[in-house]
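The values are calculated or read from the model by the stated rules, or taken from the named source; none is laboratory data. Keep in mind it's a predicted model, so treat the numbers as computed, not measured. Neighbour counts run over all protein chains shown; Cβ positions are idealised from the backbone, glycine included. Please note that ligands, DNA and RNA were not included when accessible areas were found on the heavy atoms of the full protein model with its side chains. Shrake-Rupley method; radii C 1.70, N 1.55, O 1.52, S 1.80 Å.
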Amino acid sequence: MAKPAKKKTKKKIRKIPASPALRSDPKKRDRMGTENALMKAAIQVFAQKGYDAATTKDIASLAGANEALIMRYFGGKKGLLESILTRAEELDDDGNTLLRKKNLPKDYTHLDEALEDSISARCDEFRNYSDFMKVAVSRIILDSDVSKIIQAKIYEKAIPEMVQELEKFKKAGEIDSKVDLKSVAFGISSLTFALGFMAQIVYKVPENEIKATIREIVRLMNKGLKPD
């Protein structure tokens with residue numbers, strides 16, 4: 001006598017819980033991804049054609065996005081440039097950044113190491129994105145609205161952050177207690193622009209000379225900041 005056939009039972013597939021990122025609003029994810037793509041495309045188009053000759057059509061085409069989204073998300077070409085200048089360091093792209101993000105803070109033992117690394121990293125950014133920086137700097141000079149954006153970024157964010165880092169060395173006795181850290185931070189910021197943009201991009205000073213200059217300036221600066 002034949003045995004009765006066993007009923008086939010369906011295997012239950014255990015669902016893998018979605019990560020917090022995937023559980024977030026998909027519309028928000030889509031918008032962030034599109035903004036990222038538009039800013040990356042704009043960097044390339046601005047660098048190749050210049051700001052005035054670049055069109056939102058060119059940018060949208062390169063990004064594979066609807067041209068109308070540039071107006072909706074950024075308010076136009078000018079707003080797109082301003083967003084690149086203010087948000088580029090925050091935008092991830094497959095683990096990389098739109099413009100090179102600053103290295104994670106290190107616990108430096110000595111001031112000279114921190115200064116050399118900081119100035120060198122910023123000069124590298126100017127060199128790696130030299131064509132785009134030419135466009136950006138020209139708009140900062142010609143457009144007062146763009147200039148105000150950068151002014152706010154430097155004075156309200158970059159300088160206070162630098163002062164905070166310098167304060168650690170002051171407390172550790174590496175910087176004289178009488179030193180005005182805000183003035184030092186502003187001087188370092190100005191020096192970085194002079195070396196990173198003017199020397200490298202405008203004057204075409206070789207990289208090895210830039211690095212040698214950074215080392216010498218840091219040596220002198222470190223000596224001058226030491227307690228008496």
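Modelled spin labels at residue 110 and residue 220, positioned 7 Å past Cα toward Cβ, are 2.0 nm from each other. When a/c is below 1.5 the answer is rounded, else prolate if a/b is larger than b/c, else oblate, so apply that to region 111-225 with a ≥ b ≥ c taken from the square roots of the Cα gyration tensor eigenvalues. The shape class here is oblate.
Above 13 Å, the calculated P(r) of region 29-90 contains 54 percent of its Cα-Cα pairs.
On a per residue basis, region 29-90 carries 49 Å² of accessible surface, using protein heavy atoms and a 1.4 Å probe. Here the gap between residue 32 and residue 212, fully extended at 0.36 nm per residue and compared with their Cα-Cα distance, gives a gain of 60.7 nm.
Sorting 109, 213, 192 on solvent-accessible area from highest to lowest, probe radius 1.4 Å, gives 109, 213, 192. With the simple spin-label model, which puts each label point 7 Å out from Cα in the Cβ direction, the residue 165 to residue 178 separation comes to 2.7 nm. On region 111-225, 56 percent of the accessible area sits on carbon and sulfur atoms, based on a 1.4 Å probe. Pop the C-beta distance of residue 193 and residue 145 into the FRET formula with R0 = 22 Å and round what comes out to the nearest 0.05. Computed FRET efficiency for residue 193 and residue 145: 0.65.
Gain on full extension, evaluated as 0.36 nm per residue between residue 53 and residue 153 minus their Cα-Cα distance, stands at 33.4 nm.
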